[in-house]
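Reviewing the structure listed below.
No lab work stands behind these numbers, since they all come straight from the coordinates. Bear in mind the structure is a predicted one, so any value in this text is a computation, not a measurement. Here the Cβ positions follow ideal geometry from the backbone for every residue, glycine too, while neighbour counts run over all protein chains shown.
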Amino acid sequence: MTKYLISFPSGAMDVAAEDMQAVSDAAHAVVAEAKDAGVWVFGGGIDESILPVRVDGDGAVTEGTYPQTKQIEGGYAILELPSRKAAFEWAAKIAAACRCAQEVRAFMYDPAS
């Protein structure tokens, strides 16, 4: 099975403060459903209060992201699924819960790992 990254940037969630609890509850329900289905690998939101850094092979730390990255933030879920179609179905569930479209990407299979 393939692992899929399902994600959205923080700015995509345009939810009124009074609706945040309902969104949180709906998102947690989808996570519970994915866990019950045995497809959940990992998920969470990027802590945007901690600035990103790059670490070189010699251990040198540089603040910021790669210039072409611009920014990585928002929410992420990694699910292990039998097909791209299944990834789209789970992305739709997450999109409904979070009230914003989701991006779907497949991780490449590495037979050596």
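In table form, for the structure just shown:
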{"item": "Least to most buried among Val30, Val23 (fewest other Cβ within 10 Å first)", "result": "Val23, Val30"}
{"item": "Distance from the stretch 5-26 to the stretch 45-90 (C-alpha centre basis), Å", "result": "18 Å"}
{"item": "Integer Hz, Karplus 6.51/-1.76/1.60 couplings in order for the stretch 4-20, x for Gly and Pro", "result": "10, 9, 10, 8, 8, x, 3, x, 6, 8, 10, 10, 5, 3, 6, 9, 4"}
{"item": "Residues Glu63, Glu80, Glu89 arranged by fewest to most Cβ contacts within 10 Å", "result": "Glu63, Glu89, Glu80"}
{"item": "Set of lysines with alpha-carbon distance to Lys85 below 27 Å, sequence-local pairs under 8 removed", "result": "Lys3, Lys35, Lys93"}
{"item": "Shape category assigned to the chain from the gyration tensor of Cα positions, a/c cut at 1.5", "result": "oblate"}
{"item": "Neighbour-count order for Lys93, Lys70, Lys35, fewest beta carbons within 10 angstrom listed first", "result": "Lys70, Lys35, Lys93"}
{"item": "Cα-derived Rg over Rh, computed across the stretch 1-43 with Rh taken as Kirkwood radius", "result": "1.04"}
